[in-house]
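In what follows, a single structure is set out as structure tokens and then discussed.
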Amino acid sequence: MLGQTLSHYRIVEKIGAGGMGEVYRARDTKLGRDVALKVLPEVFANDAERMARFSREAHLLASLNHPNIAAIYGLEESGGTRALVLELVEGPTLAECIRTGALPVEEALNIAKQIAEALEAAHERGIIHRDLKPANVKVKDDGNVKVLDFGLAKALKAEAAAADLSKSPTLSEVASRAGVIMGTAAYMSPEQARGQAVDKRADVWAFGCVLYEMLTGKNTFACTTVSDTLAAVLRAEPGWDALPAETPPLIRRLLRRCLEKDPKRRLHDIADARIELDEVLSGSAPGDETAAEAVGILSRPAGWMWGAVALAGVLLGAAASYVLFGTAPGQGTSRTLVQAARMTHDAGHSEWPSWSPDGSLLAFSSNRSGNFEIYVRRVDGGQEVNITNNPGDDFQPAFSPDGTSVAFVSTRSSRTGMIRIGASVGMEFRTFGGDLWVAPALGGQARRLAENANFPVWEPSGEKIAYVTGPEGHRAILEVTADGGPVGAVLPSEESKWEIVGMQYSPDASWLSFDTSDERAWLMPARGGTPREVGAGSSHVWDPDGRRMYYLVRDAVGGTLLQSVEIDPGSGEVLGPPQAVGLMTGVLRNLAISRDGRRFAISELEGSLNLTRLPLSPGTFTPAGPEEELSSGQVIDRYPRFSPDGRRIAYASDRLGLAEIWVLDTETKRAERLELPGDDLGANIPYWSPDGHQLVVTRFYPDGTRSVWLAAPDGSHAEEILSPARGQQSGPFSPDGRSLLYVATGSESFHQIFVLDLESRQSRQLTSSPADKAVPEWTQDGRHVIFVSSSGELSRILRVPSEGGEAEVLISGYERQRHQFYSPDGQWILFQPSHRNIHRMPAAGGPSQPVTTFPESGLFIEEPALSPDGRWLAYCRSRGGSSLWVLTVGDR
């Protein structure tokens, strides 16, 4: 076609070809400029129906006007030839830039940011690229980036599938209809590779592939054949070790979020990627990069919690995105955390790890196939085998000391139902009562040893297995011989006052330690005797030398701290204070230690918690329509609060790493981060002033203290009104705006409620009874304060005069009562007795009744808030999973 003229465009040279047509440089003889002509394949051009549809799509694509998107000027036809007239972008493609190797990190991030900005602009207009790859990105000499071929794959789609995968790299078939593959194989999302319907999250996946390739110089999933490439997209994990050492931890996290195989768990909005890239490039990204880089688990988003609230109800835990390695002041330790590697990453739950004696295998329970089953995985090679594979649920595996067998609990023939076993490091969890079984470690016929069992553990000789059974709150510890012989009691039910949720033998079999649901450890002689308390924490495990126990504790700033304590092996006495090993973000549990004491396996609770609102029928608090997600992505949003006019919602979110306060406009759905002065610190639970001109928030410091700040919602003004202190947490403004409630540690180390006069900045203590107080709220007339008081395992709602006095109980008997708030007319108190429903009770006290229920299986909602007009309920909702990690420690 060289030298020919198409309409008023004179073709000068051929500059490219692909599955969507040949591309020529042409001269626009009317406007005197060079353009690119994409001449459409004849099979497309001669299809009248397809061309009519393509013309409509081209008009939409032509509406894109963004500096990082190559423009479409028009659609021309001449002599039976049809061509798109496109902006001619000079310079190499990104594919050509990468051909010689990885790009410098800063250059790669600058290019990635511009690509993200282009995708964001297109997604806002409902346009998905569907074929993003380095060959479709041009890098101009001045460093500016242009993304090419936006939406053309859809525009040129066929109604009937005619996929010829042999023509990859460009597989130009329909993507808007399930069952047909479209895209470039190595950059396809898993849903594209399966031929399923796609949305903007397919572009997020491709963006992750492109960014990975820029940083490593290697294609993320490409293999020698298309079929192998598609298989890798569906099953393989990227080679995370190939990322350069200087890759910022937030970028590592961003890549993992973009390359989640399950689109529901993937980063939902490319705008979030653009924000994170901008933060890193501007040097304002939060977190300790050196420490976070050392441990991959540290960069995962997770929930975080207020210590006082945790006592009232178990919440999703841990949002600080930094890590502190080593020792707290005045402490020493023989171990320090140096590395972490993810072993599994399922859409569901992988939990209860158990090491084989030689440290080469991990047994664990996963519901990846629907029900929980026991898998054995080679730690280094990654091969896995399902050793149970039956219709029931199998969980809590435990390797035998010789490594030949695995004990586990199964419901395959159990007559028991589901029982609650307590809490572990910030999250309520449940398990099934079942029977005790033993199976060969690499699969084979399983045999049942005992009924109604939980938490099996092998006696070090391998001759016996101990397990937990009995009534709730009085759990017994029994032993059965490994060959199925007689059962004996180590701790009979009638002598137990504990809800036991895990056990361990000491290496010399002298002691049996157990964990309880209130996150305490106990120690007793292995042949029976009186248990003695070791201390706080959960998931206790013994060091192989028998002189130290490791365990998990919730840190004051919302992380999970791995600690150890020395034990006298003769007397069982605790020797000295706890010693820190490492502080990690995430909700962690089920600690297991290898026989050499150098590696730990651990289960991490995962998932997003997104801001959502639900329309309500006025006065009834019942749903009046479908819920609306106000934020998206793999983030943790918490504590929504409506402004007094109902037009804004302030909430906490970790979308940039640390949990910070954001303010969302309910009409435009646009959220802006509240910028506070000083160091990057976590923040939570915002409260609006009655006039809507101020917010009060709590900020977190690495040493575990918290300060309270007043700030303008636009960030134009901020000041600290309560200096850092432990256990401190802001509460709401009084109705007249003159006072502020807050929680702080009072007498006898209990959390008490205080009132701060905002003019004089003087505080007075409002409560003093020996129980922890949390989440205070003013009555509408300001004359009383309601709050949650936790004592033992029960919570109560009480009311106390705001000037001080005796508190009265409004409602009691709920194990997890929390999040109480008033209806707009002040006639009702609403609260959450569980994660899945909301109750109401008369404001003066009386019986409660459910008003809003969320029956969806697995649905987890937190922090409901009612709009001032009672027409909207805002809350944060989650579906989560769990994965396994291996933590490596070294000598200090």
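Any idea of LYS669's accessible area? Nearest 10 Å², probe 1.4 Å.
Approximately 80 Å² for this residue.
In straight Cα distance, which aspartates and glutamates are under 15 Å from LYS200, not counting same-chain residues fewer than 8 positions off?
GLU117, GLU120, GLU124, ASP131, GLU191, GLU260, ASP262, ASP269, ASP272
Scan around GLY682 for amide H atoms under 5 Å from its own, H built in the peptide plane at 1.01 Å from N, and keep only partners 5 or more places away or cross-chain.
Amide H to amide H, under 5 Å and 5 or more residues apart or across chains, GLY682 pairs with PHE700.
How far is the Cα center of the range 189-248 from the Cα center of the range 649-719, in Å?
The range 189-248 and the range 649-719 have Cα centres spaced 36 Å from each other.
With contacts defined as alpha carbon pairs under 8 Å and 6 or more residues apart, what's the relative contact order of the range 627-773 in percent?
It rounds to 13 percent for the range 627-773.
So which of LYS133/LYS264; LYS38/LYS261; LYS138/LYS261; LYS464/LYS497 end up more than 29 Å apart, counting from Cα to Cα?
LYS38/LYS261
Check ALA843: other-chain or 5+ apart residues with amide H under 5 Å from its amide H, H built from backbone geometry?
TRP828, ILE829
How large is ³J(HN,Hα) for each residue in the range 261-266, as worked out from phi by the Karplus curve 6.51 cos²θ - 1.76 cosθ + 1.60 (θ = phi - 60°), to whole Hz, x for Gly and Pro?
Per-residue couplings from phi come out as 5, 7, x, 5, 9, 7 Hz.
Karplus couplings for the range 616-627 from phi (6.51 cos²θ - 1.76 cosθ + 1.60, θ = phi - 60°), rounded to Hz, Gly and Pro as x?
10, 6, x, x, 10, 6, 9, x, 10, x, x, 6
Would you mind checking which residues have amide H under 5 Å from ASN454's amide H? H placed 1.01 Å from N; only 5 or more apart, or other chain.
For ASN454, whose amide H was placed from the backbone, the distant partners under 5 Å are VAL468.
Say each of GLU451 and SER571 gets a label point 7 Å from the Cα, pointing the same way as Cα to Cβ; how far apart are those two points in nm?
4.4
Tell me, what ³J(HN,Hα) does each residue in the range 126-131 have, in order and in whole Hz, if you take phi through Karplus 6.51 cos²θ - 1.76 cosθ + 1.60 with θ = phi - 60° and put x for Gly and Pro?
x, 9, 10, 5, 6, 9
Between GLU237 and GLU22, what is the label-point separation in nm under the 7 Å Cα-to-beta-carbon projection?
Here the answer is 4.7 nm between the modelled labels.
How long is the gain from SER493 to THR100 if the chain were fully straight, where each residue apart is worth 0.36 nm and the alpha carbon distance is subtracted?
Once the chain is fully extended between SER493 and THR100, it gains 134.5 nm.
The values are calculated or read from the model by the stated rules, or taken from the named source; none is laboratory data. Remember, it's a predicted structure, so these values are computed and weren't measured experimentally. Please note: Cβ atoms are built from the backbone with ideal geometry, for glycine as well, and neighbour counts cover all protein chains shown. Surface areas here come from the heavy atoms of the whole protein model, side chains and all, with no ligands, DNA or RNA. Shrake-Rupley method; radii C 1.70, N 1.55, O 1.52, S 1.80 Å.
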